[in-house]
Amino acid sequence: MQTTGDQYLVKKLNKSIVLDRIVAHSPLSRAQLSEMTGLNKATVSTLVGELAEEKLVYEIGLGVSSGGRKPVMLVFNKAAGFAVGIDIGVKYAIAILTDLDGHTIAERQIRLERRDADSAIRAIAEAVRSLMAQAPDSPYGIVGAGVGVAGIVDDKGTVLFAPNLEWEHVELKQLLEQQLGVPVVVDNEANAGALGELRFGAAREASDIVYLSVGTGIGAGITIGGQLMRGFGGFFGEVGHTTIETNGKRCRCGNKGCWEQYASESAILEMAEPLGIDRFESLIELAHGGSPDAIRLFHQVGESLGIGIASLINTFNPELVLIGNQMTRAESWIRSAIDRVVAARSLPFHRKQAQIRFASLDTRSAVSGAAYSAVSAFLTKDRITL
Ligand SMILES: [Zn+2]
């Protein structure tokens, strides 16, 4: 029998749906899958058979019967392969090895300070290769690597401009694929952070979120209906470069008075300079110890963060605003200032619906989201993105 293009497509779609449900809800019986997907039992059985042959799904013991024979339960084989997540920050990069369900198996930190792009990428690749060597044996091995980078990334995985890293036109995807020998997905780190929190963190139940990565600079990953906003060229979310002071401080982007000049980790370090403090960690320690100077600086940064967050709440009407990256560590001292400014400056209807919280994966949102991108690229390869 000849299979038409349409039949082939429908089968591919159905198989993607079945796998998607098993990944999200296993253990499931074939009958439950049939109920969930609306596909008849014979179709479900055929598709499950193929997925089992592909080693993505396997059977475990018997489930609870609703009368009659106890059903065989199906689970997603999260150890069918492993993925790498990489978060490239300004001072250091973090790389993790995860299973297909996002559990971290091993981790590496790589210092990057004052490195040019080539040597930074070589150092990252070396650390990642040693991580990859730690993966247990599996049918698919390393399925890919996902990268979140603090910069503007195009759809070919080239970092066009990363002002804080001082990278310009770096073909990151291509360079890493050459050095790692696996497929690589590159995204902006705020997008990766939003994905990490949506899949594994504080935004699991949410669909319209603003994830703010507040580190050396400020970027946003924004989802509407659970989908990341990309913009025409893929450059969505550079909120750190919106002007909050007409004649404010010069920014590396060429503008004056950018939000990140007042509300980021580098902004607070600049303010702390007269106090002889040059590390964010030291400021956190001082604030923990009750230093009035450190606490005052965090309040000031909290207020500046609040100004931008109020505008984002008015613009996007999100259900959840998550503050992520390094600034999550300052929650105790910036929280009340943010809440106060947002209450004073945002529209009442919008404010009532928006919760402001801190990323629950702490500084691991982006690296987890990056690994998840690699897994999701593998699981939808030859299938259909739902
Ligand atoms: Zn700027």
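The values are calculated or read from the model by the stated rules, or taken from the named source; none is laboratory data. No experiment lies behind these values; they were computed from the predicted model shown. With ideal geometry, Cβ positions are generated from the backbone for all residues, glycine too; neighbour counts draw on all protein chains shown. All accessible areas refer to the heavy atoms of the entire protein, side chains included, with ligands and DNA or RNA removed. Shrake-Rupley method; radii C 1.70, N 1.55, O 1.52, S 1.80 Å.
Helical runs (DSSP H, four residues minimum) scored at -39500 (n - 2.57) apiece and divided by the length of the chain put the mean residue ellipticity at 222 nm at -13000 deg cm²/dmol. List, in the order given, every pair from K91/K256; K41/K70; K11/K381; K55/K173; K15/K381 whose Cα-Cα distance in the structure shown is over 18 Å. Violating the 18 Å Cα-Cα cut-off are K91/K256; K55/K173.
Each peptide in 285-295, 271-281 gets a packing score, the mean of other Cβ atoms within 10 Å over its residues, and the list from highest to lowest is 285-295, 271-281.
3J(HN,Hα) couplings calculated from phi for the stretch 176-182 with the Karplus curve 6.51 cos²θ - 1.76 cosθ + 1.60 (θ = phi - 60°) are, in sequence order, 6, 4, 4, 7, 9, x, 10 Hz; Gly and Pro show x.
For the stretch 5-76, the ratio of Cα radius of gyration to the globular rule of thumb 2.2 N^0.38 Å stands at 1.07.
Distance from the C-alpha centroid of the stretch 64-127 to that of the stretch 161-189: 17 Å, rounded to the whole angstrom. Largest accessible area first, the residues W333, W167 order themselves as W333, W167 under a 1.4 Å probe with ligands, DNA and RNA left out. Taking θ as phi - 60° and the Karplus parameters 6.51, -1.76 and 1.60, the scalar couplings of the stretch 21-37 work out to 5, 5, 4, 7, 10, 5, x, 9, 8, 4, 5, 5, 4, 5, 5, 5, 9 Hz in sequence order, x denoting glycine and proline.
Against the criterion of solvent-accessible heavy-atom surface with a 1.4 angstrom probe, T246, T104 sort, most first, into T246, T104. For the stretch 133-261, the fraction of C-alpha pairs farther apart than 19 angstrom is 56 percent. Rg/Rh for the chain stands at 1.02; both radii use Cα atoms, and Rh follows the Kirkwood definition.
If you plug the beta carbon distance of I224 and D293 into 1/(1 + (r/R0)^6) with R0 = 45 Å, you get a FRET efficiency near 0.65. Rounded to the nearest whole angstrom, the semi-axes of the ellipsoid equivalent to the stretch 30-170, taken from the Cα gyration tensor as √(5λ), stand at 43, 17, 12, largest first.
For the stretch 197-203, putting each phi into the Karplus relation 6.51 cos²θ - 1.76 cosθ + 1.60 with θ = phi - 60° gives couplings of 5, 5, 7, 10, x, 6, 9 Hz, in residue order, rounded to whole numbers and with x for Gly and Pro. Note on L160 and R122: with the Förster distance fixed at 25 Å, the Cβ-Cβ geometry gives a FRET efficiency of about 0.75. Once the chain from E168 to S207 is taken as fully extended at 0.36 nm per residue, the excess over their C-alpha distance is 10.7 nm. Accessible area per residue for the stretch 5-76 is 59 Å², calculated with a 1.4 Å probe on protein heavy atoms, without ligands, DNA or RNA.
What number, in percent, do you get for the relative contact order of the chain if the mean sequence gap of Cα pairs under 8 Å and at least 6 apart is divided by its residue count? Write out the running numbers ahead of the final one.
Values: 777 pairs, mean separation 63.6, N = 386.
Rounded, it is 16 percent for the chain.
The stretch 342-367 and the stretch 266-322 have Cα centres lying 15 Å from one another. Taking a spot 7 Å from the Cα of I244 along the direction of its beta carbon, which residues of the stretch 145-178 have an amide N less than 19 Å from it? Under cut-off, by backbone N: 164.
With a 1.4 Å probe and every protein chain kept in, tell me what percent of the accessible surface of the chain is carbon plus sulfur. Before the final figure, lay out each step's value.
Details: 9140 of 18440 Å².
Of all accessible area on the chain, carbon and sulfur atoms account for 50 percent.
The L13 and V75 beta-carbon pair, evaluated with R₀ = 30 Å, returns a calculated FRET efficiency of approximately 0.85. On the principal axes of its alpha carbon atoms, the stretch 202-360 extends 45, 33, 26 Å, with the longest extent given first. In the context of the full set of protein chains, residues of the stretch 215-325 present 45 Å² of accessible surface per residue (probe radius 1.4 Å, heavy atoms only).
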